[in-house]
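Report on the following structure.
Read the figures in this text as sums done on the coordinates, not as results from a lab. Treat the numbers as computed from the prediction; the structure is a model and nothing was measured. Neighbour counts are summed over all protein chains in view; Cβ atoms, including those assigned to glycine, are modelled from backbone coordinates with ideal geometry.
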Amino acid sequence: MATTIKEIAKLANVSIATVSRALNNDKKVKPVTKQLVLSIAKKLNYNPNLLARSFVTKKSNIIGLVMPDIYGEFFMEVIRGVDEVCYNNGYYTMVTSSHSNRSIVEAIIDYMSKGIVGGLILMTPLVEDDVKETLAKSKIPLVVISGKSELQKWDSISIDNFNGSYAVVDHLAKKGFKKIAHITGPKRNNDSIQRELGYKQALKDNGLQLNNKWIVTGDFTINGGQAACESLMKMDNPPDAIFASNDMMAIGCYVAARFLKLKIPVDFAVAGFDDIFVSQFLNPRLTSVHVPIYELGTNAAQILIDRMKGNKDPIKIKKIPTELVIGGSCG
């Protein structure tokens with residue numbers, strides 16, 4: 001059974017209120033008393049009831065992290081970044097996913113209505129009007145991680161999707177590939193939209209043909225990438241290179257190549273986006289756009305914690321730069 005402050009109070013021969021103040025570092029408590037209380041609490045391995053404490057202090061040191069999904073290396077790295085900064089600053093992380101059967105608005109409302117969290121990090125592929133309305137009603141600090149940085153009302157962090165995708169497609173063009181296809185992410189996803197725009201601009205600047213048949217909608221999954229790649233390579237006029245909007249779909253292209261008995265990069269080149277850890281172990285190594293995913297989480301958490309501590313600086317809109325990582329998948 002967990003130790004309570006009532007037990008600590010009894011052993012220290014002080015009131016419950018004094019124990020509470022000592023544990024919360026109240027300056028009104030005498031140093032000797034505070035040291036005694038903390039010593040007993042440590043000896044009994046006391047863990048405070050965070051929810052009860054938030055009701056008493058009217059401040060919560062729990063940070064809510066709402067994500068579109070929690071599966072896959074990308075999302076886990078964001079979580080790791082957020083959690084490490086929170087832990088180092090005495091905050092706790094509570095993670096939830098919107099899932100396919102639960103709207104992101106419902107997830108946000110859940111957090112806000114229960115009064116458990118003192119701040120919120122929202123990672124969303126697209127900030128819909130109903131989400132904006134819900135966020136506008138919030139009185140707790142908020143940081144948005146989105147594919148689009150033009151969110152003037154809240155602190156926000158985004159990836160430089162356009163320039164990242166432009167760089168990788170420009171690289172393919174400079175390598176001599178003329179028929180470059182693109183597997184996009186979901187249509188209603190700002191990351192995907194910006195990456196497709198970068199792809200199209202790079203083709204234009206390199207004088208290459210834009211063939212809409214070579215633009216196939218994907219879903220950011222390995223299976224989605226495999227299906228898209230197979231459909232592209234079975235065309236009468238197949239592409240000689242494929243830029244997948246994320247590494248998971250690029251991995252799906254490797255699976256498709258094996259199924260179709262084709263070799264990368266001999267029969268077609270492949271490039272991805274994110275540069276997830278596993279990409280370096282593919283054979284040949286995947287050419288990808290490196291995104292400092294961990295830093296995406298740490299930046300969001302630090303901005304939010306600063307706000308929770310009373311930082312009144314102007315709204316921060318931060319764009320995380322990307323970097324091209326060249327592997328053997330493009331010859």
**Prompt:** If you compute Cα extents along the principal axes in Å for the structure shown, which of [x] 84, 38, 33; [y] 61, 43, 36; [z] 67, 48, 38 do you land on?
**Reply:** [x]
**Item:** Helix-only CD estimate at 222 nm, as mean residue ellipticity for the chain, using -39500 (n - 2.57) per DSSP H run (n ≥ 4)
**Value:** -13500 deg cm²/dmol
**Message:** Among the listed pairs 175/319; 174/213; 6/309, which have their C-alpha atoms separated by more than 24 angstrom in this model?
**Reply:** 175/319; 6/309
**Fill in**
Applied in sequence order to region 129-140, the curve 6.51 cos²θ - 1.76 cosθ + 1.60 (Karplus, θ = phi - 60°) yields integer Hz couplings, x standing for Gly and Pro, of 4, 5, 5, 4, 4, 5, 5, 4, 7, 6, 10, 9
**Fill in**
If every Lys and Arg gets +1 and every Asp and Glu gets -1 at its Cβ, then about the Cα centre region 5-48 yields a dipole, in debye to the nearest 20, of 100 debye
**Asked** At residue 33 and residue 313, where each label point lies 7 Å from the Cα along Cα→Cβ, what is the point-to-point distance in nanometres?
**Response** 3.9 nm
**Complete:** Residue span residue 285 to residue 45: 0.36 nm per residue of separation minus Cα-Cα distance leaves a gain in nm of 81.6 nm
**Message:** Report the Cα centroid-to-centroid distance between region 199-230 and region 238-263 in angstrom, as an integer.
**Reply:** 11 Å
**Message:** Can you give me the long-range amide H partners of residue 145? Hydrogens built in the peptide plane at 1.01 Å from N, cutoff under 5 Å, separation of 5 or more residues or another chain.
**Reply:** 122, 123, 124, 157
**Message:** For the chain, set up a GNM with springs between Cα atoms under 10 Å and report which of 276, 63, 320 has the largest fluctuation.
**Reply:** 320
**Prompt:** For residue 179 and residue 130 in the same chain, what is the full-extension length gain: residue separation times 0.36 nm, less their Cα-Cα distance, in nm?
**Reply:** 13.6 nm
**Cys with no candidate disulfide partner in the chain (beta-carbon separation under 4.7 Å rule)** = 86, 330
